[in-house]
Amino acid sequence: MGAAAYALWGSFPLYFSALAPAGSVEVLVHRVLWSLLLCAVLLAALRGLGDLRALLADRTRTGWLGLAAVTIAANWGVYIYGVQSGNVIEASLGYFVNPLVTVLLGVLLLRERLRPAQWAAVGVGVVAVGVITVDYGRVPWIALVLALTFGSYGLAKNRVGRGTPALVSLTGETLLLAPFALAALVVLEVAGEGTFTSAGPVHTALLVSTGVATTVPLLLFGAAARRVPLTTIGLLQYLTPVLQLLCGVLLLGEEMPPTRWVGFALVWLALVVLTTDTLRAARRRAALARSAVASAHG
């Protein structure tokens, strides 16, 4: 289930390319509205509406939910723009860099202390972004915005509560975004820029399917996260940007000059260092826990 979730996310470049001629804003607002509809139906069927009401009744958690909604909307919008503007490779870079950005956010916002290997990984990541910037001739802003918004989304979701079911959280996020999405959709239709009813029934069906495309991988991920160790989920997450990179290079015909490969190789080196350190730290914590249990029963 975890592999299926990440594989579906990895195929998004092909899916969002197929949504043309709808622009990134139109796709985003349809994604919000159809996701809300599907989530609400599922939540009602699973009798989870009470959990949603309890979440929205808590002002502090709702505030963090609002931040999560804003950051994920920005992430979705920039990603769709990246795909439709022919920058799938740069978009995939954002999800490779994301673990490094999450570590930095932990230092800057949560005052966490990094281990030497984590600092080394972040340093190599910074060099990699520098190399890729030189290659592009500009700062890879799509990648950086995707990494920052997704990292911030993770922090906000943490404050909402780790025990909050994914379906409840997504329903709340899309509910908060829905008034803005609906207003944007009306503006697009009035201005004659909407494509929902003007580009054929297949296109209409694809726009409607954005709700399924958003919700199904999330449910698969949630189911997997309850059944496998967090370290396994952490390793599986790299499947998505790998598939996105392959889509960009092999299927969508984007260029990948040698210098850019060097930059990506440095990012992968940083991720190897970071992942190895994380696995070692997890093993040390497990060994200490076993030792403490043995001492308590000794």
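Observations on the model:
- For region 191-298, trypsin sites (Lys or Arg not before Pro) meeting the loop criterion (DSSP other than H, G, I, E, B) and having at most 14 other Cβ atoms within 10 Å: Arg226, Arg227.
- Here is the list for region 149-200: trypsin sites (Lys or Arg not before Pro) lying in DSSP coil, each with at most 12 other C-beta atoms within 10 angstrom of its C-beta, are Arg162.
- Centroid-to-centroid, using Cα positions, region 133-188 and region 189-253 are 14 Å apart.
- The chain: DSSP helices with Cα axial extent of at least 15 Å and average Kyte-Doolittle hydropathy no lower than -0.5: 24-45, 59-84, 88-110, 116-136, 141-160, 166-190, 210-225, 258-296
- Restricting region 163-242 to GluC sites (Glu not before Pro) in coil, as DSSP defines it, with at most 14 other Cβ within 10 Å: Glu193
- Within-12-Å neighbourhood charge of Leu220 [Cβ basis; K, R +1; D, E -1]: +2
- Cα gyration tensor category, rounded, prolate or oblate, for region 196-249 with a/c compared to 1.5: oblate
- Cα gyration tensor category, rounded, prolate or oblate, for region 143-298 with a/c compared to 1.5: oblate
- Total charge dipole magnitude, region 2-296, about the Cα centre, Cβ charges on Lys, Arg, Asp, Glu only, Debye to nearest 20: 1520 debye
- Rounded to the nearest 500, the 222 nm mean residue ellipticity of the chain from helices alone is -27000 deg cm²/dmol, with -39,500 (n - 2.57) taken per DSSP H run of at least 4 residues.
- Between Leu170, Val134, Leu279, the Cα set farthest toward the positive side of the dipole of the chain (charges on each charged residue's Cβ, about the Cα centre) is that of Leu279.
- Top positive-direction residue, dipole computed over the chain with Cβ charges, set Val186, Leu155, Pro257: Leu155
- Prolate/oblate/rounded label for region 2-296 (Cα gyration tensor, a/c 1.5): oblate
Each reported figure results from applying straightforward, stated rules to the coordinates on display, with no laboratory input. On a predicted model such as this, the values are computed, not experimentally measured, just so you know. Here the Cβ is made from the backbone with ideal geometry for all residues, glycine too, and neighbour counts use every protein chain on show.
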